[in-house]
1. Restricting attention to the stretch 301-322, does a residue exist that is crowded, with 24+ Cβ neighbours inside 10 Å, among the β-branched types (Val, Ile, Thr), within 16 Å of the ligand (Cβ to nearest atom) and assigned to a strand (DSSP E or B)?
2. Restricting the stretch 246-284 to residues that are assigned to a strand (DSSP E or B) and touching a Leu at 6+ places or on another chain (Cβ under 6 Å), which is farthest from Leu378 (Cα to Cα)?
3. Which residue pairs have Cβ atoms closer than 7 Å, lie 6 or more positions apart in sequence or on different chains, and pair a first residue in the stretch 95-118 that is outside any loop (DSSP other than H, G, I, E, B) with a second residue that is at pLDDT 85 or above and crowded, with 20+ Cβ neighbours inside 10 Å?
4. From the residues in the stretch 23-82 that are among the charged types (D, E, K, R) and outside any loop (DSSP other than H, G, I, E, B), which one is farthest from the ligand (Cβ to nearest atom)?
5. Being farther than 30 Å from Lys51 by Cβ, without any contact (Cβ under 8 Å) to a residue 40 or more places away in the chain and not aliphatic (A, V, I, L, M) is the requirement here; does Cys307 meet it?
6. Give the stretch 324-342 a look and list any residue that's in contact (Cβ under 8 Å) with a residue 40 or more places away in the chain and more than 16 Å from the chain's Cα centre (by Cα), or say none.
7. Yes or no: Ala143 under 25 Å from Thr381 (Cα atoms), away from the ligand (no atom under 16 Å from the Cβ) and either out of contact with any helix residue (DSSP H, G or I) (no Cβ under 7 Å at 6 or more places or on another chain) or assigned to a helix (DSSP H, G or I) (or both)?
8. With the structure loaded, tell me whether Asp189 is assigned to a loop (DSSP other than H, G, I, E, B), over 16 Å from the mean Cα position of the chain (by Cα), within 16 Å of the ligand (Cβ to nearest atom) and farther than 19 Å from Gln138 by Cα or whether it fails that test.
Amino acid sequence: MKRLRWVLIILLLAIAGAWLALPGIVESRFNRVVQALPNHVSAQAEELHSKLIVADLHGDSLLWGRNLLRRSSRGHIDLPRLAEGNVAIQAFTVVTTSPRGLNIYKNSDSSDLVRYIAIFEGWPPRTWSSPKQRALYQAARLASFAARSRGRLVIIRSRAELQQFLTSRGNHEVAGFLGTEGAQPLEGDLRNLDDLYAAGFRMMAPTHFTDTAIAGAAAGVNKGGLTDLGRQWVRAMESRHMIIDLAHASPATLRDVTTMAARPLLVSHTGVKGTCDNPRNLSDDELRAVARAGGVIGIGLWETATCGRDAAATARAIRYAAKIVGVDHVALGSDFDGSVTTPFDAAGWPLLTEALLKEGFTEDEVRKVMGENTVRMLLETLP
Ligand SMILES: [Zn+2]
């Protein structure tokens with residue numbers, strides 16, 4: 001009897017341990033770095049990088065259970081690593097659904113892995129079946145990190161807050177802003193936009209990997225354009241000064257939105273077909289359409305975006321985009337913590353500064369790409 005009790009206790013402890021360890025094990029499988037390099041760069045790159053305003057348009061870090069205030073050996077983003085990489089502005093984009101067997105060609109929304117993440121990470125039950133609640137929960141996590149950061153992390157929701165941050169930025173201070181990957185948190189009802197706005201969201205993409213009630217996705221089943229609701233959504237986003245993010249949009253959606261948009265928009269994380277030809281990346285005409293709408297294009301770090309595994313591959317994609325639309329429309333969109341392998345984590349941005357210099361960009365151009373273009377865009381678009 002006594003022995004049975006001990007067996008049961010050990011069994012329960014093992015289950016509890018596995019439950020606690022599981023999110024970490026899952027994350028270390030999904031968010032990797034090619035090779036943990038010392039981030040050594042030339043003196044010129046280091047000097048230049050230390051003076052940059054670095055802005056990254058895309059990071060999915062709120063999906064994983066980590067305390068972002070502490071340095072972790074997992075994933076890509078946390079406050080200490082952002083500080084080390086001299087990042088000033090970091091977009092925190094929330095993922096609220098994710099189909100099984102994720103791929104860049106065709107995904108249906110009949111399965112959803114975020115439900116399991118929500119359950120295993122101990123998110124409140126209201127999030128288990130609601131993309132909107134998952135978005136609000138992740139926004140609350142960011143707010144809680146900011147509140148506990150002693151001023152090292154602030155959340156920006158308006159141009160006044162951004163301006164204030166830039167003029168008074170001390171050492172190692174980061175501004176975060178909230179976006180969503182896809183319009184799933186709307187749950188098909190535009191009235192939900194107000195709750196998301198109130199929670200601090202200022203950027204939203206019409207789609208993630210699957211088609212939504214708003215629009216077709218590049219990797220969706222039908223890959224259509226904007227729906228009637230989608231057209232209303234564009235107007236609703238613009239009237240609130242929320243930023244439309246066309247990453248993951250189908251070619252038809254990108255065409256429809258850039259045609260009707262009256263305000264600047266962006267593509268938060270992508271590659272270009274010119275250096276890496278696959279359905280996830282933008283064609284030359286798509287780059288031109290986004291730039292014509294006054295937008296910026298965030299070039300990514302992962303292999304599907306760049307067809308490479310180092311900073312030089314991202315620098316080549318940036319060079320190509322700049323050749324097509326001009327350097328003023330090119331920015332950074334790492335996709336850190338987005339279930340991708342990247343050449344470096346948030347501490348390693350100096351490696352990209354160095355790669356851009358090697359690619360022949362001037363220091364002024366490096367400044368623009370690494371962050372000034374994003375700052376300009378945010379100051380034009382935020383409320
Ligand atoms: Zn994405």
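1. No, the stretch 301-322 has no match at all.
2. Only one residue fits best here, namely Val272.
3. Matching pairs, first to second residue: Val114/Val95; Val114/Thr96; Val114/Thr97; Val114/Ser98; Val114/Arg134; Ile117/Leu63; Ala118/Thr127; Ala118/Arg134.
4. Glu47
5. So Cys307 fits the description; yes.
6. Those that are in contact (Cβ under 8 Å) with a residue 40 or more places away in the chain and more than 16 Å from the chain's Cα centre (by Cα): Ile324, Val327, Asp328, His329.
7. The answer is yes for Ala143.
8. No; evaluated as a whole, the condition is false for this residue.
The values are calculated or read from the model by the stated rules, or taken from the named source; none is laboratory data. As the structure is a prediction and not an experimental result, all values here were calculated from the model. Note that we place each Cβ from the backbone using ideal geometry, even for glycine, and neighbour counts take in every protein chain shown.
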